[in-house]
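Visitor: Sharing a structure, written as structure tokens. Questions coming.
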Amino acid sequence: MIELHERVAALEEARRTDRDNIDSILLHVKSIDENLNRYKGFFGAVWFVISCIGIFFSAFKFFHKG
């Protein structure tokens, strides 16, 4: 009977360790996701400004032919 209790205790400890590892991985993935969203927003804003400048010059050439 003692052997069974020891095995259960070992399994519980292994599960606890696995859960801690999973929580650590989840925090790391969330951190990576936050960084990607920040850069995506930054590069999206830069691309938007470049597009606006390009459209402005295209429209300027179109309306001021001659």
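The values are calculated or read from the model by the stated rules, or taken from the named source; none is laboratory data. These numbers were taken from a predicted model, which means no experiment stands behind them. Because the Cβ atoms are built from the backbone with ideal geometry, glycine has one as well, and the counts that use them run over all protein chains shown. In case anyone asks, the SASA skips ligands and DNA or RNA and just uses the protein heavy atoms, side chains included. Shrake-Rupley method; radii C 1.70, N 1.55, O 1.52, S 1.80 Å.
Visitor: Please compute one quarter of the surface area of the Cα convex hull for the chain and express it in square nanometres. Don't jump to the answer; show the numbers that get you there.
Guide: On the way: hull surface 21.6 nm².
That works out to 5.4 nm².
Visitor: Could you give the nm distance between label points at residue 37 and residue 62, where each point is 7 Å from its Cα heading toward the beta carbon?
Guide: 3.6
Visitor: Pop out the carbon and sulfur fraction of the accessible area of the chain as a percent, whole number, probe 1.4 Å.
Guide: On the way: 4440 of 6510 Å².
Carbon and sulfur together cover 68 percent of it.
Visitor: Same structure, new question: What does the accessible area per residue of the chain come to in Å², with a 1.4 Å probe and no ligands, DNA or RNA counted? Please report the intermediate quantities before stating the final value.
Guide: Working: 6510 Å² over 66 residues.
Using a 1.4 Å probe on heavy atoms only, each residue of the chain averages 99 Å².
Visitor: Which one of 17, 57, 43 has its Cα pushed farthest toward the positive end of the charge dipole of the chain, where Lys and Arg give +1 and Asp and Glu give -1 at the Cβ?
Guide: Toward the positive end, the furthest listed residue is 57.
Visitor: Also, I was wondering about something else. Express in Å², to the nearest 10, the accessible area of residue 36 obtained by rolling a 1.4 Å probe over the protein heavy atoms while all chains stay in place.
Guide: Here the residue's solvent-accessible area equals roughly 110 Å².
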